[in-house]
Amino acid sequence: MYLCYLDESGTPEIGAQTSHFVLVGLAIPAASWQANDRQIDAIKDRHGLKEAEIHTGYMARRYPEQDRVPGFAALSRDDRRLATSREREKELIRTAALKRGDRLKALKTLYRKNADYQHLTLSERQSALRELAGEIGAWTDARLFCVAMDKRTLTTRPAAEEVFRTAFGRLRVLFQNFLVAVESAAPGKGMGMLIEDNNETVAKKITSFMRRLHESGDTSVERGMLIETPLFVDSSLTSMVQMADLCAYAIRRSFENGEVELFNSIAPRIAGSHDPFLGLEHVVLHSTCGCRVCSVKRGVRQSPSS
C-alpha cells in the first residue's frame, strides 16, 4: 500500500503572487514510512529543528533582522535566537508607531511562521533544505507526482477552486496510473491512500471531489485502488507532508525562477523508466513551452542545468 502525501506551493488565484500553482503527491510504501520518518527527524535534529515544522518557503527567505546583528554567524544558536527576537521586536515597535496596521499584521504572521528557524543563518537553512531534498531523492521505493499549472497561459480566468480542482484531478490520475501498474506487476499491492494537511477549506474541496467520483462509479477510482476519501492530518506532526511541501516549493521555483538545485535532488523520484519526468505535468495551455520538462517530453534534448 502506498501513502501519498499532498501539498501545494503558490496560489490558485489567477494573477495573484505566483505565476504557477503546484500540487504535489509524495507516495511512499507504508512499510517504508517509519524508516523514512526517522531519517528526516535525524536531519532536522542536526539543525536544531527536531520539533519544528518545515515550511520551505519561510526557511529559504533572507531574514533582514539577522543581517543587522554584528557577527551573527559567530554567535551560539541560543544567542542567535535572542538577538533575532530583539531585532524583530524593534521592527514591530517601529511599524506600530507608523500606524501601518496591514504591515504590522503581515510582520507578525511572518515572524510567527519562521520563528523555529531564527537560530540558523541563511546558509545553514539552505544547507538543511538541501539535505532533506537529497534524502527524498534517495528513497528509491518512493514516487513523486506533480501538476504544475502555469496560470499565465489560461485563456479564461477560472476561479481559484477550479484551478485547484483541475490540478487535483490530474494528480489523482497520475497516482492512479502508477497504482494500476503496481497492481499489474504485484497483485494486491496497488492500494493507495491520499493524505493531506488538515486545512479546512482544502479538506472540503478534496473530500467533495472524491466522494463524487466514488458515487459516480468512476472506473479509474476502482482500477486505481484508491481507498475512500483522503485522510487529513496535522502537518506540524507529520514530517511527510512537510517533505511534500519541500517538493512542491522546489518544483515551483524551478519553473518560476530557474532554481534547479533542490529540484535536481528530488527529480529521481519523478522519473519513469523511459521518461525522466514521468510523474510531472506542466500544464501550459495554448502556448509552446520551452522549459526543460516540456522539451524533454517532446523528445528534445536539453542541458540538465537549463
In the stretch 1-30, how many residues are touching an Asp or Glu at 6+ places or on another chain (Cβ under 8 Å), β-branched (Val, Ile, Thr) and outside any strand (DSSP E or B)?
1
Just the residues that are surrounded by 15 or more Cβ atoms within 10 Å (Cβ to Cβ) and either among the acidic types (Asp, Glu) or free of Cβ contacts under 8 Å to residues at least 40 places away in the same chain (or both), please, taken from the stretch 38-57.
53
Just wondering, is there one or more residues in the stretch 124-137 that are more than 19 Å from the chain's Cα centre (by Cα), surrounded by fewer than 14 Cβ atoms within 10 Å (Cβ to Cβ) and not basic (Lys, Arg)?
no
Counting only residues that are in contact (Cβ under 8 Å) with a residue 60 or more places away in the chain, give me the helices (runs of 4 or more DSSP H) lying completely in the stretch 73-162 with at least 3 of them.
122-137
Could you tell me which of the residues 150, 141 is touching a helix residue (DSSP H, G or I) at 6+ places or on another chain (Cβ under 9 Å) and crowded, with 16+ Cβ neighbours inside 10 Å?
150
Looking only at the stretch 1-22, and only at residues there that are of a type in the set (A, V, I, L, M, F, W, C) and within 30 Å of residue 189 (Cα to Cα), the one that is surrounded by the fewest Cβ atoms within 10 Å (Cβ to Cβ)
1
Is it the case that some residue within the stretch 51-72 is more than 28 Å from the chain's Cα centre (by Cα) and among the hydrophobic types (A, V, I, L, M, F, W, C)?
yes
Within the stretch 255-291, the count of residues that are of a type outside the set (A, V, I, L, M), touching a residue at least 24 places away in the same chain (Cβ under 8 Å), outside any loop (DSSP other than H, G, I, E, B) and over 15 Å from residue 142 (Cβ atoms) comes to 6
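Only the coordinates and a few stated rules stand behind these numbers; no lab work does. Just so it is clear, the structure is predicted and the values come from calculations on it, not from any experiment. Every residue, glycine as well, gets a Cβ built from its backbone with ideal geometry; the counts of neighbours run over all protein chains shown.
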